[in-house]
Amino acid sequence: MATHWLHEEAQTALDRLLPRIAPLFGKHEKQYQQFVARAKHYFPLAFENLYHVYSGRYDFFYHLEQILLTTAHKFLERPKDLHTLDNQREAHPTWFTDRQMIGGVCYVDLFAGDLDGIRKKIPYFKELGLTYLHLMPLYAVPETNNDGGYAVSDFRAVNPRFGTMADLTRLGRELRDNGISLVMDFVFNHTSDEHEWAKRALAGEKRYQHYYYFFPDRTLPDIYEKNLREIFPEQAPGNFTYIESLGQWVWTTFNTFQWDLNYTNPDVFNAMLGEMLFLANIGTEILRLDAVAFVWKQMGTTCENLPPVHNIIRAFNAMVRIAAPAMMFKSEAIVHPDDVASYISAEECQISYNPTFMALIWEALATREIKLLRHSMSKRFDIPAGTAWINYVRVHDDIGWSFANEDALEMGISGFDHRLFLNQFYTGKFSGSFATGLPFNYNPVNQDMRICGTCASLAGLEQGLSMGNPLYTEDALRRIILIHSLIISAGGIPLIYLGDEIATLNDYTYVNDVHRQDDSRWVHRPPFDWKRADSRQDELHPAGRVFSALQGLINIRKQNILFDNPQTQFVDVHNPHVLAYIRNQAIFILANFSEHGQRISKRVMRTYWNASDKQHDLVSDTTLDKDDFIQLEPYQFVWLVNL
């Protein structure tokens, strides 16, 4: 009943507001009718969610009008070719679930120097098979206190070191012409303290002080702190920063120079909607919503994953689908798996990182056992229709052990103790470990810690090469290829951190940079090694071995229609070392996480899959012998189809 009432009120509000919007369109009647059609479809969803957040305000309907005006202005400013893309995407709304979607992510400066350099590397992206390119934050930021680009001073300006907004617009157009979608970050929990809004707040403008959370003393911050966790306990302990010039405290969840935005103020929602749609209009097709869990604050809670967060994202989603439906949202929530899943829907974030899959892939490599990975994925991999996971081995950030304690307990594992083991293993302190990683943000109170390192170094290649041990090196290369095979073959969009495809090793020179030496994440953020990449066709070189393997797997995925549907069923094949899952009841995937050979019974496989007498392995392009068992070599994987 309440939802029906809200829908009726939304339609009434829209009917009242549209006459105020119509003059903006002038004689462009066709555009106006398209805007109205989309508004009638999506505005009720925006209204419902905005009502839940802001209806207690006396000026609620004024802000509704401002939000709709912002949306209309951005609709009218949208380039013609992007309107064409909007129409195509509306006709095919699940375009991103296609098997052709292959993602790569990089820093502009580290990969190619600047935006023009990125543009010149389009042939490389196509050679690897990418159709999705995520550029790490490239906005204007302070020279030093910038959190690797996540302390944004201006969403509408590119960091001058990388180029201009015109360069970014040109790049987006050329990527699109080459079948590659541009993906950008949107840091919507906070801004830099050098953003214009923050500067005006510092100058004493009350309007802009209300864009953030200011407190005259420690009374309220101390009450909030009782329930808040510290994100960076080493670099930035606490969640509030004293601003001496104002004599006030400001909320700073991440760093002292990153001020949290106050979404209880609808002016903030409207301002950030304008920034979001500006990015859509320069050609952004996917917007990564950074730190989504933190945008709503409520005393007596952890101020993470609160219900109004979902209302805010859904309202953003609805308004974007009116002005720029070719753009969609990607959730970045490295939290409990239940909370990760809560952001995924066609009405909220259509795609999401899959941090649990990532963390448990590394867990299985360390233990050589897949029970926790299989158990967790069998419970948690399914997500709503019209959505997709982003499956990844590693990104720019540290690796946190974000599996659910209850999942571990169901497998007889203590989550706390297991995380201690994994931290020891991936920093090379556990006897027999193959990994070469560094700790990040150790918290002595709860012993929490995260892990830094490139894929190759964490998988053992650095150790193997440094020891001159061919067996260790071979095992490491097999591990690297194995774990990438999982993200390429499982349902969703595979995402490769560029550099991992050429088996890049840790770079310890970051300790010589005074601005980076206290942040061990820079060990896995080296400049892209183009000299190493020159060996990508040489399969006797680690770079060539990995590149050719990943390129081949990507081509198999793209060419086989059986990978189109993201459906993935994880199953138990009665071997503790072999992960098994079925794609669309058509491809049976087996992956051996052990350095020893393993055997799988076809009789067990037939309990889940209608297996014929013979199967063909898409990976090796060979037909398996008619036998009762499938034999897997160390770290081997097979993608089986019936003959």
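Near the amide H of residue 594, under 5 Å away, which other amide H atoms are found, from residues 5 or more places off or on another chain, if H is placed in the peptide plane?
Those lying under 5 Å, H to H, from residue 594 are 635.
Return the distance in nm (one decimal) between the two label points of a simple spin-label model at residue 530 and residue 15, each offset 7 Å from Cα along Cα→Cβ.
With each label placed 7 Å out from Cα toward Cβ, I get 6.2 nm.
May I ask which residue of 322, 212, 460 lies farthest towards the positive end of the charge dipole of the chain, with charges of +1 (Lys, Arg) and -1 (Asp, Glu) on Cβ and the Cα centre as origin?
322
Round to a whole angstrom and tell me the spacing of the C-alpha centers of segment 385-415 and segment 136-205.
30 Å
At a 10 angstrom cut-off on C-beta neighbours, averaged per residue, how do the peptides 352-361, 570-579 rank from highest to lowest?
Result, highest mean Cβ count within 10 Å first: 352-361, 570-579.
Using DSSP, restrict attention to beta bridges with both residues in the chain and report what percent are antiparallel, rounded to the nearest 5. Each step should come with its number before you reach the end.
Values: 40 of 69 bridges.
Antiparallel: roughly 60 percent of the beta bridges in the chain.
Pairs of alpha-carbon atoms within less than 8 angstrom and 6+ residues apart define the contacts here; what relative contact order does segment 1-87 have, in percent?
Across segment 1-87, relative contact order equals 39 percent.
Would you mind calculating the gained length between residue 511 and residue 614 on full extension (0.36 nm times residue separation, minus the Cα-Cα distance), in nm to one decimal?
Extra length available between residue 511 and residue 614 comes to 31.6 nm.
Would you kindly find the accessible area of residue 520, with a 1.4 Å probe and non-protein molecules such as ligands, DNA and RNA excluded, rounding to the nearest 10 Å²?
Solvent-accessible area, nearest 10 Å²: 10 Å².
Going toward the positive end of the dipole of segment 533-643, with +1 on Lys and Arg Cβ and -1 on Asp and Glu Cβ, which of 543, 591, 635 do you reach last?
The listed residue farthest towards the positive side: 591.
Please compute the contact order of segment 281-421 in relative form: average sequence separation of alpha-carbon pairs under 8 Å and at least six residues apart, divided by the residue count, as a percent.
Value for segment 281-421: 21 percent.
Relative to the present Cα-Cα distance, how much length would full extension add between residue 76 and residue 231 at 0.36 nm per residue of separation?
Going from the current span to full extension adds 51.8 nm.
Identify, among 242, 51, 94, the residue whose Cα sits farthest towards the positive end of the charge dipole of the chain, taking +1 on the Cβ of Lys and Arg and -1 on the Cβ of Asp and Glu, with the dipole about the Cα centre.
94
Please give the direction-averaged projected area of the C-alpha convex hull for segment 235-332, in square nanometres with one decimal.
Across all orientations, segment 235-332 yields a mean hull projection of 7.6 nm².
Quote the relative contact order of the chain in percent (integer), defining contacts as alpha-carbon pairs under 8 Å separated by 6+ residues.
Relative contact order, the chain: 12 percent.
Given H placed 1.01 Å from N in the peptide plane, which residues other than close sequence neighbours of residue 102 have an amide H under 5 Å from its amide H?
Correct list: 131, 132.
Taking the Cα centre of the chain as origin, sum charge times position over the Cβ atoms of Lys and Arg (+1) and Asp and Glu (-1), and report the length of that vector in debye to the nearest 20.
1300 debye
For segment 43-53, what does the Karplus curve 6.51 cos²θ - 1.76 cosθ + 1.60, with θ = phi - 60°, yield as ³J(HN,Hα) per residue in whole Hz, taken in order and with x for Gly and Pro?
Running phi through 6.51 cos²θ - 1.76 cosθ + 1.60 with θ = phi - 60° gives 4, x, 5, 5, 4, 4, 6, 5, 4, 4, 8 Hz.
Quick one: Karplus J couplings for segment 169-175, per residue in order, coefficients 6.51, -1.76, 1.60, θ = phi - 60°, nearest Hz, x for Gly and Pro?
4, 4, 4, x, 5, 6, 4
Sum -39500 (n - 2.57) across every DSSP H segment of at least 4 residues in the chain, then divide by the residue count to get the 222 nm mean residue ellipticity, nearest 500.
-12500 deg cm²/dmol
Would you mind pulling out the separation of the Cα centroids of segment 583-643 and segment 504-572, in Å?
Value for the Cα centre distance between the two parts: 26 Å.
Across segment 603-615, in residue order, what do the Karplus-derived ³J(HN,Hα) couplings come to in whole Hz, using 6.51 cos²θ - 1.76 cosθ + 1.60 with θ = phi - 60° and x for Gly and Pro?
4, 5, 4, 5, 5, 10, 9, 7, 6, 7, 5, 10, 10
Can you list the residues, at least 5 places off or on another chain, whose amide H is less than 5 Å from the amide H of residue 430, using H built in the peptide plane?
So residue 430 has HN proximity to 425.
Cα to Cα, under 18 Å, and not fewer than 8 places away if on the same chain: which aspartates and glutamates meet these conditions relative to residue 121?
Hits, sequence-local ones excluded: 109, 167, 174, 177, 500, 501, 529, 534.
Identify which of the listed values of Kirkwood radius over Cα pairs in Å was calculated from the structure shown: [x] 27.2; [y] 25.9; [z] 28.2.
[y]
Please give every one of the lysines within straight-line cross-link reach of residue 126, meaning a C-alpha to C-alpha distance under 16 Å, and leave out same-chain neighbours fewer than 8 residues apart.
Counting by Cα, and skipping residues close in sequence, residue 126 has these lysines nearby: 558.
The values are calculated or read from the model by the stated rules, or taken from the named source; none is laboratory data. Note that the coordinates shown come from a computational prediction; the quantities given were computed from them, not determined experimentally. FYI the Cβ positions are ideal-geometry reconstructions off the backbone, even for glycines, and counts take in every protein chain you see. Surface accessibility is based on the protein's heavy atoms, side chains included, excluding ligands, DNA and RNA. Shrake-Rupley method; radii C 1.70, N 1.55, O 1.52, S 1.80 Å.
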